[in-house]
Amino acid sequence: MLGRHGLIGKDTDLTRYGGVLSPDEGTRRAANVNGGAPMGAYAYDTSNVTGITGTVRQVRWGKGGERAYVTILGTTRTTAAVHQLNLSVPYDLASRSNPSKSVVVGDYFTNCVTVAFNDAGTKMYVGGYNGVANVDERLIEFDLSTAWELDSAVAQVRKLYIGGDEATPRGFTFKPDGTRLYMIGATGDDINQY
């Protein structure tokens with residue numbers, strides 16, 4: 001694992017709730033409402049992304065760290081999206097070019113919360129839900145005709161309704177061979193396997 005991995009957080013009364021995972025510096029833990037040390041006690045990097053409207057929910061790396069994919073909670077059909085950032089220095093958000101490629105997912109759900117790719121970067125999986133929990137919670141599959149490039153995304157291939165298991169999905173990952181899908185969320189106290 002090379003480079004740094006950001007943890008998305010927020011500022012409340014000037015207390016930072018985000019951090020950086022860096023292999024040479026170890027894991028830095030974020031504070032939360034249940035306790036923990038405020039991030040102000042640590043050194044960390046920040047990077048603002050201009051040109052994106054909405055609440056950032058997740059950053060996912062791709063193409064050996066040369067791409068970062070940002071999911072936007074959105075809350076409207078036109079802002080719920082996955083944005084692609086090209087990085088001139090792998091895993092360094094400060095080296096990004098402003099977003100010019102994105103996939104708007106508002107036709108499927110207005111809260112885009114999580115994204116994953118297959119190892120080749122030719123398939124993208126996006127998870128989200130509509131403004132009210134228990135409405136249209138699903139994972140959507142897209143084909144990318146050019147690996148890792150969102151402007152090559154083809155319309156929905158398949159969708160998986162997950163509302164029976166989780167009202168507000170927050171993240172998912174695949175078993176390395178692609179035969180299992182694991183999902184977590186904000187309303188269920190479990191991990192769902194498909």
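Which members of the range 87-119 meet the condition of being assigned to a loop (DSSP other than H, G, I, E, B), of a type in the set (S, T, N, Q) and surrounded by fewer than 18 Cβ atoms within 10 Å (Cβ to Cβ)? Before you say what the answer is, go through the steps one by one.
Residues of the range 87-119 assigned to a loop (DSSP other than H, G, I, E, B): 88-92, 97-100, 105-110, 118-119.
So of that shortlist, the ones also of a type in the set (S, T, N, Q) come out as 88, 97-98, 100, 110, 118.
Passing the criteria: SER88, SER97, ASN98, SER100, ASN118.
May I ask you to say which residue of GLY131, GLY163, GLY178, GLY171 is at pLDDT below 85, more than 14 Å from the chain's Cα centre (by Cα), closer than 18 Å to ALA81 by Cβ and not hydroxyl-bearing (Ser, Thr, Tyr)? Quick ask: steps written out before the conclusion?
Numbers: GLY163 fails: closer than 18 Å to ALA81 by Cβ; GLY178 fails: closer than 18 Å to ALA81 by Cβ; GLY171 fails: more than 14 Å from the chain's Cα centre (by Cα).
Only one candidate qualifies: GLY131.
Which residue out of VAL126, VAL89, VAL104, VAL113 is closer than 19 Å to TRP61 by Cα, at pLDDT 80 or above and touching a Cys at 6+ places or on another chain (Cβ under 7 Å)?
Numbers: VAL89 fails: touching a Cys at 6+ places or on another chain (Cβ under 7 Å); VAL104 fails: touching a Cys at 6+ places or on another chain (Cβ under 7 Å); VAL113 fails: touching a Cys at 6+ places or on another chain (Cβ under 7 Å).
Unique residue meeting the criteria: VAL126.
Got at least one residue in the range 172-185 being in contact (Cβ under 8 Å) with a residue 60 or more places away in the chain and open to solvent by less than 60 Å² (accessible area, probe 1.4 Å)?
Of the range 172-185, the ones in contact (Cβ under 8 Å) with a residue 60 or more places away in the chain are 178.
Within this subset, residues satisfying the condition of being open to solvent by less than 60 Å² (accessible area, probe 1.4 Å) are 178.
Checking the range 172-185: at least one residue is in contact (Cβ under 8 Å) with a residue 60 or more places away in the chain and open to solvent by less than 60 Å² (accessible area, probe 1.4 Å).
Find the strands (runs of 3 or more DSSP E) located wholly in the range 150-194 whose residues include 2 or more that are in contact with a strand residue (DSSP E or B) (Cβ under 7 Å, 6 or more places away or on another chain) and aliphatic (A, V, I, L, M), and list them. Let's see the steps before the verdict.
On the way: elements: 153-161, 169-174, 181-185.
Correct list: 153-161, 181-185.
Please specify each residue of the range 120-132 satisfying the condition of being open to solvent by 10 Å² or more (accessible area, probe 1.4 Å), small (Gly, Ala, Ser) and over 15 Å from ARG67 (Cβ atoms). Please lay out each step first, then the result.
Our first condition is that a residue be open to solvent by 10 Å² or more (accessible area, probe 1.4 Å); within the range 120-132, this holds for 120, 122-123, 125, 129-132.
Now narrow it down to the ones that are small (Gly, Ala, Ser): 120, 131.
Matches in the range 120-132: GLY131 only.
What is the residue count in the range 60-86 for residues that are of a type in the set (Asp, Glu) and open to solvent by less than 30 Å² (accessible area, probe 1.4 Å)?
Going through the range 60-86, the residues of a type in the set (Asp, Glu) turn out to be 66.
Still in the list and also open to solvent by less than 30 Å² (accessible area, probe 1.4 Å): none.
Selection size over the range 60-86: 0.
The values are calculated or read from the model by the stated rules, or taken from the named source; none is laboratory data. Just so we're clear, the structure is a prediction, and the values are computed from it rather than from any experiment. Neighbour counts run over all protein chains shown; Cβ positions are idealised from the backbone, glycine included. With ligands, DNA and RNA removed, areas are computed over all heavy atoms of the protein, side chains included. Shrake-Rupley method; radii C 1.70, N 1.55, O 1.52, S 1.80 Å.
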